[in-house]
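Student: One structure, pasted below without further comment.
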Amino acid sequence: MFEHVPAFAGDPILSLMETYKADPRPEKVNLGIGIYSDDDGRLPVLDSVLAAQQQAIAQQKGKPYLPMEGDAQYRAEVLRLVLGDGHADLTSGRVATVQTLGSSGGLKLGGEFIRRWGSGRIDVSDPTWENHVSLFGDVGLAIAAYPYYDAATQGLRFDNLLAHMNTLPSGAAVLLHACCHNPTGVDLTPAQWDALIATMQARGLLPFLDMAYLGFGDGLDADAYAVRALAASGMTFFLSLSFSKNMSVYGERCGALMVFCANPEEAGRVLGQLKFLVRTQYSSPPLHGGQLVAQVLSDPALRAQWVGELQAMCERMQAMRLALARELQAIWTEDGTQNGGGRSIDFLLQQKGMFSYTGLSAGQADRLREEFGIYVLRSGRLCVAGLTTRNVAYVARALATVWA
Ligand code: PMP
């Protein structure tokens, strides 16, 4: 019956993870997938989340269905987190919020909505997270790329990006990484966000922010700059948020889709159509993970504890960026090539978030994997959260070897 069904080519990131797991070499290092591990290479359960879990179990009140749009407290807390206390849009009623299955779920739901009720087109950054293209393509949206990363300067092609926005038809959706751009780690400055928002507003575009790394850049408030600036502009926009990384709750599938609308009446209709999409796909989101997130965000002591734990994760990643840069410098000083023959590694310290876009070619990434058991994406993306004090010197030596 299914002779005609083609084999799934596999997801490039998840397939690499499977190859890593099957690799028998004890020295292997996983810098492929975007997962934070501690200095012992373990996936942490945050103490704040663990405390929330214990409270949730103690107060267990059965396992009812959640409403289609998710838990009311969760939805309110998520909005408060991204906008900040006292923000006018916490009570304006113009935001339609749905609890989603991670940011992947929020992107899919938002993509479906745009196909049905929007322009049917979305532009993504060049490059972007591979799954953006698969996910929006599968929904049936027309996808194009806008200029973003400049390999020559390891910075942003901001003028080209702005010029591209001016070529888009009114109503076109534009996917933007709210902070800690995946895969490049290169973000817009606040002044660049302001200029981009003014251009998108003048052009009548629909911004769609993806926020998978809130708090991994310059802190929770600074990382929310784009959301707050868009909210202040009064524009209609989408925001998809994830707690996978910043609360280390990957498998709990905790996310949210927020649609900032023109007014409460419009938000009511948008929420209604989102609920319809949820009802016909999976009916309602899972209960447990959202309870933990809502508890952490609403309890002041747990929230403060979480902010401290998030800070510690960021400090560890920053320390690993520094350690890798120092190890490379030491190797290059020792072998007399100085900066590895003029190679700048400033990007290691400047790029934000979990990733470093190294400029490694696909062939060099293959060599790292085959010769050293070090897994990075073939785009050259390296997850610094997989580095530890034990493996960083080994990784530096392997990098210096494939770069030589
Ligand atoms: N967007 C981006 C940019 C990501 O990097 C990721 C995770 N790798 C996601 C969305 C989805 O994360 P999740 O579905 O776990 O929330």
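The values are calculated or read from the model by the stated rules, or taken from the named source; none is laboratory data. In this text, all values refer to a predicted model and were calculated from it rather than measured experimentally. Note that we place each Cβ from the backbone using ideal geometry, even for glycine, and neighbour counts take in every protein chain shown.
Student: Would you point out the residue of region 234-255, among those that are surrounded by fewer than 23 Cβ atoms within 10 Å (Cβ to Cβ) and under 21 Å from Ser119 (Cα atoms), that is farthest from the ligand (Cβ to nearest atom)?
Tutor: Gly234
Student: Give the residue that is surrounded by the fewest Cβ atoms within 10 Å (Cβ to Cβ), with candidates limited to residues of region 202-224 that are among the aromatic types (Phe, Trp, Tyr) and touching a Cys at 6+ places or on another chain (Cβ under 8 Å).
Tutor: Taking the candidates together, the pick is Phe216.
Student: Working only within region 91-111, note down all residues that are buried (at least 22 other Cβ atoms within 10 Å of the Cβ), within 16 Å of the ligand (Cβ to nearest atom) and either closer than 9 Å to Ser240 by Cα or touching a residue at least 40 places away in the same chain (Cβ under 8 Å) (or both).
Tutor: The answer is Thr97, Val98, Gln99, Thr100, Gly102, Ser103, Gly105, Gly106, Leu107, Leu109, Gly110.
Student: Here's something else I'd like to know. Go through Phe276, Phe238 for me and flag whichever is among the aromatic types (Phe, Trp, Tyr), modelled with pLDDT of 95 or more, in contact with a Gly (Cβ under 8 Å, 6 or more places away or on another chain) and not in a loop (DSSP other than H, G, I, E, B).
Tutor: Sole residue among the options that is among the aromatic types (Phe, Trp, Tyr), modelled with pLDDT of 95 or more, in contact with a Gly (Cβ under 8 Å, 6 or more places away or on another chain) and not in a loop (DSSP other than H, G, I, E, B): Phe238.
Student: Could you identify the single residue in Pro6, Pro24 that is over 28 Å from His288 (Cα atoms), over 27 Å from the mean Cα position of the chain (by Cα) and in the same structural domain as Tyr357 (by TED's automatic domain parsing)?
Tutor: None of the other options fit; the residue is Pro24.
Student: Which residue is surrounded by the most Cβ atoms within 10 Å (Cβ to Cβ), if the candidates are limited to region 368-381 and must be of a type outside the set (Phe, Trp, Tyr) and more than 14 Å from Pro12 (Cα to Cα)?
Tutor: In this case the residue turns out to be Ile374.
Student: So, in region 91-103, exactly how many residues are over 21 Å from Gly272 (Cβ atoms) and in contact with a helix residue (DSSP H, G or I) (Cβ under 9 Å, 6 or more places away or on another chain)?
Tutor: The qualifying residues number 1.
Student: Among the residues of region 257-271, are any within 16 Å of the ligand (Cβ to nearest atom) and either out of contact with any His (no Cβ under 8 Å at 6 or more places or on another chain) or assigned to a helix (DSSP H, G or I) (or both)?
Tutor: Yes; the residues of region 257-271 include at least one that is within 16 Å of the ligand (Cβ to nearest atom) and either out of contact with any His (no Cβ under 8 Å at 6 or more places or on another chain) or assigned to a helix (DSSP H, G or I) (or both).
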